[in-house]
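Chemist: After the C-alpha cells below, expect a handful of questions from me.
The values are calculated or read from the model by the stated rules, or taken from the named source; none is laboratory data. No experiment lies behind these values; they were computed from the predicted model shown. As a convention, Cβ positions derive from the backbone with ideal geometry for all residues, glycine included, and neighbour counts pool all protein chains shown.
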Amino acid sequence: MALRAVTFDYWDTLYDGATTPERVALRQGAVRRLLAEIGHEISDADFTALYRASGVEAERWWREEHRGYTTQERIRWILSRVNVERPADCRYVAAAERAVDDALVAHPAPLLPGAGDGIARLASAFSLAIVSDTGFASGRAQDRLLEHDGLLSFFAATVYSMDIGHAKPRPEPFAAALSALGIAPADAVHVGDNERTDVRGALALGLRAVRVDIVRAQGPSAAEFVARSFDELVDYLLAQRGV
C-alpha cells in the first residue's frame, strides 16, 4: 500500500520535552493560589513535596495504566491529598487549569532543529496528524504552541491522550487520528522518539513506524528506520511516497 499519511508524536519529536524552572514556578504558583483561595494553609516544604508527589503519580498513570489524564485530574489529586473536595464547576480549579496551560505558552518549548521546515515539506506530500500523550498542560496548550510557531495548519488532526482518555501505546489515540484522516493503518507511518509508546504502539495497530533519536541516542529499534536529524527523517519519508 502507498504511504499516504504521517502521524507525529509531539514531545522530543517535534518539540524539546524538557521542562523549565520558569514553567514549573508558574504552575506551582497556580496551585498555591488555588489552595489559598479556598482557605487551605500549607507550608512551603509540604507543598513542594505534594507537588512532586503529584508528578510521580501522574507518571504512574501514564506508564503503568496508559491513562490519558487531564490537567484537572492532577490538580484534584493534589486537593484530595489535603482532604479538600471542590464542586465540578469550581472557578478556582478552572483558573488553575488555565494557568497551567498558560505557563507552556509563556515559556514555550523550542522546536527541535529542522522541525518547522520539515513539517512544511512533508505537508505537501502527505496528510499529517499529531498523536501525543499530554503532560500537565492540555492538548489545547500544545495546539496553541503549534499555532504560535505557524505549524498548526499543516495538521489535519491533533489527537491528545487527555481527550481520548488513553495514552500510547494503547491503540485508541492512533485509531482516532487514522479515523480523522480517513486512512487505513497500512497507509500511515507514525514518527516518535519512544520505543515503547510510539514504535510498539504503532506497529501493534498495523501502522509503520519510524523512530527519531534527535534528543537522545537509543538502542536497537523495531522501527523500519531510525532518524538522527529532521532532515534525515524528511528525506526518508519523501522517498517512501508510493512505497
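Chemist: Return yes or no: is residue 11 crowded, with 18+ Cβ neighbours inside 10 Å, under 30 Å from residue 232 (Cβ atoms) and not assigned by TED's automatic domain parsing to the domain that holds residue 117?
Modeler: no
Chemist: Exactly one condition in (1) within 23 Å of residue 134 (Cα to Cα); (2) free of Cβ contacts under 8 Å to residues at least 40 places away in the same chain; (3) in contact with a strand residue (DSSP E or B) (Cβ under 8 Å, 6 or more places away or on another chain) is false for residue 204; which is it?
Modeler: Here residue 204 meets the rest and fails (3).
Chemist: Let me ask you something else. Give the residues of the range 25-54 that are surrounded by 13 or more Cβ atoms within 10 Å (Cβ to Cβ) and either among the charged types (D, E, K, R) or in contact (Cβ under 8 Å) with a residue 60 or more places away in the chain (or both), sorted by residue number.
Modeler: Scanning the range 25-54 gives 26, 27, 29, 30, 31, 32, 33, 34, 37.
Chemist: Would you check which residues across the range 113-147 are part of a strand (DSSP E or B), surrounded by fewer than 23 Cβ atoms within 10 Å (Cβ to Cβ) and among the small types (Gly, Ala, Ser) and list them?
Modeler: Taking the range 113-147 first, the residues part of a strand (DSSP E or B) are 127-132.
Pick out the ones that are also surrounded by fewer than 23 Cβ atoms within 10 Å (Cβ to Cβ) and you get 127-128.
Within the range 113-147, 127 is the sole residue that qualifies.
Chemist: Enumerate the pairs (first residue in the range 74-92 and touching a residue at least 24 places away in the same chain (Cβ under 8 Å) and assigned to a loop (DSSP other than H, G, I, E, B); second residue anywhere and surrounded by 14 or more Cβ atoms within 10 Å (Cβ to Cβ) and of a type in the set (A, V, I, L, M, F, W, C)) with beta-carbon separation below 6 Å, excluding pairs fewer than 6 apart on the same chain, so at least 6 apart or on different chains.
Modeler: Listed by first residue and then by second, the contacts come to 86/93.
Chemist: Looking at 65, 22, 41, can you tell me which residue is part of a helix (DSSP H, G or I) and charged (D, E, K, R)?
Modeler: From the options 65, 22, 41, the qualifying one is 22.
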